[in-house]
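The values are calculated or read from the model by the stated rules, or taken from the named source; none is laboratory data. If you're wondering where the values come from, they're calculated on a predicted model, not measured in any experiment. Cβ placement follows ideal geometry from the backbone for every residue including glycine, while neighbour counts extend to all protein chains displayed. Side chains included, ligands, DNA and RNA excluded: accessible areas come from the protein's heavy atoms. Shrake-Rupley method; radii C 1.70, N 1.55, O 1.52, S 1.80 Å.
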Amino acid sequence: MADITPVLKAVVPAAGLGTRFLPATKATPKEMLPIVDKPAIQYVVEEAVDAGLSDVLMVTGRSKRSIEDHFDRAYELEEALRAKGDAERLDAVHESSDLAIMHYVRQGEPRGLGHAVHCARQHVGHEPFAVLLGDDMIDARDKLLRRMIEVRDQFGGSVIALMEVEPDQVSAYGCAAIEPTDEDDVVRISDLVEKPSIEEAPSNWIIIGRYVCDPAVFDVLEKTPPGRGGEIQLTDALRTLADMPAEQGGGVYGVKFRGRRYDTGNKLEYLRTVVQFAAERPDLAPEFMPWLREFVRGRDASGES
């Protein structure tokens with residue numbers, strides 16, 4: 001097995017156009033839409049930091065400046081809150097700016113996730129790194145990324161997060177062909193297919209938006225042609241890595257995740273996520289939940305769907 005360099009950096013692709021949320025995302029990045037009162041992208045950065053990755057590179061695009069502003073200091077706002085003696089809100093403002101060492105690079109044109117990851121090459125160098133997609137939020141109580149880093153330390157290569165879904169859902173995701181290992185929650189990946197039909201799917205274990213990549217992925221991405229949708233797919237590069245020898249950075253493993261995942265990539269799932277988070281907030285739930293039950297009862301009584 002090749003030498004195992006520790007994982008210290010995280011890459012967060014955030015260059016998408018957010019077309020599913022138009023018109024809200026015409027001038028506001030989708031990543032900045034709030035989950036109650038905190039942008040979705042902050043939860044993702046918090047997850048990286050919780051796993052020990054305080055060096056975070058955000059891959060952004062045009063019209064994404066507010067993401068950088070969110071993780072920067074806001075001196076005028078801070079002074080206004082300090083003058084009011086509003087320590088609680090001042091701490092909330094400081095929380096995002098003190099969270100991590102943030103770096104930014106722009107993806108000049110939307111050429112797919114693989115291309116966005118390749119944009120991180122100069123910053124990452126020859127180190128392994130984690131990739132966290134903003135549409136997927138993992139509950140803070142479920143330490144998925146930490147487990148993936150442990151698996152990388154144990155097996156080498158690259159590691160992807162897998163989740164089991166119903167067969168009729170596989171066509172919306174990348175899907176993995178898997179082989180067991182001695183670890184109950186770890187599998188070896190023998191093949192990957194991006195958004196297969198039910199008939200083509202090698203299993204009903206899909207890739208969710210967490211990866212730990214060996215730096216060998218950069219050379220592979222450089223040679224990976226556009227795939228599905230005319231974009232450079234990270235899945236295609238990982239498929240190549242799965243067949244490469246370990247001494248060249250090859251081998252891909254999967255962690256079977258059975259915890260709590262929140263999808264913010266479409267309107268319905270986004271609304272469900274907001275409701276779930278509000279329902280667990282001790283400052284909101286005592287008033288929100290009785291109102292929600294009454295609202296649902298009223299809808300049921302009126303026969304409205």
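Rounded to the nearest 500, the 222 nm mean residue ellipticity of the chain from helices alone is -10500 deg cm²/dmol, with -39,500 (n - 2.57) taken per DSSP H run of at least 4 residues.
Do any chymotrypsin sites (Phe, Trp or Tyr not before Pro) in region 36-92 lie in a loop, going by DSSP, with at most 15 other beta-carbon atoms within 10 Å of their beta carbon, and if so which? Those that pass, being in a loop and sparsely packed, number zero.
Looking at this model, which pairs from LYS38/LYS143; LYS64/LYS195; LYS26/LYS64; LYS64/LYS267; LYS38/LYS267; LYS30/LYS223 are more than 22 angstrom apart at the alpha-carbon?
Working: LYS38/LYS143 20 Å; LYS64/LYS195 28 Å; LYS26/LYS64 11 Å; LYS64/LYS267 20 Å; LYS38/LYS267 17 Å; LYS30/LYS223 30 Å.
Table pairs above 22 Å Cα-Cα are LYS64/LYS195; LYS30/LYS223.
Looking at region 43-112, the trypsin sites (Lys or Arg not before Pro) that sit in a DSSP loop and have at most 15 other Cβ atoms within 10 Å of their own Cβ are ARG62, ARG73. Per-residue SASA remark: LYS30, around 40 Å² accessible (1.4 Å probe; ligands, DNA and RNA not included). Here the accessible area is traced with a 1.4 Å probe on the protein chains. For the chain, carbon and sulfur cover 50 percent of it.
Exposed loop sites are taken as GluC sites (Glu not before Pro) in a DSSP loop (any state but H, G, I, E or B) with at most 16 other beta carbon atoms within 10 Å; the longest stretch of the chain without one runs 1-182. Please list log₁₀ I(q)/I(0) at q = 0.09, 0.15, 0.18 Å⁻¹ for region 1-148, using the Debye equation with identical point scatterers on the alpha-carbon positions. Computed log10 I(q)/I(0) values: -0.31, -0.82, -1.12.
In this structure PHE257 has an accessible area near 20 Å², from a 1.4 Å probe over the protein heavy atoms. The Cα trace of region 201-305 gives Rg and Dmax of 21.6, 65 Å, the first to one decimal, the second as a whole number. For Cα extents along the principal axes in Å, computed directly from the structure shown, the correct entry in [x] 59, 51, 37; [y] 86, 71, 34; [z] 61, 45, 38 is [x].
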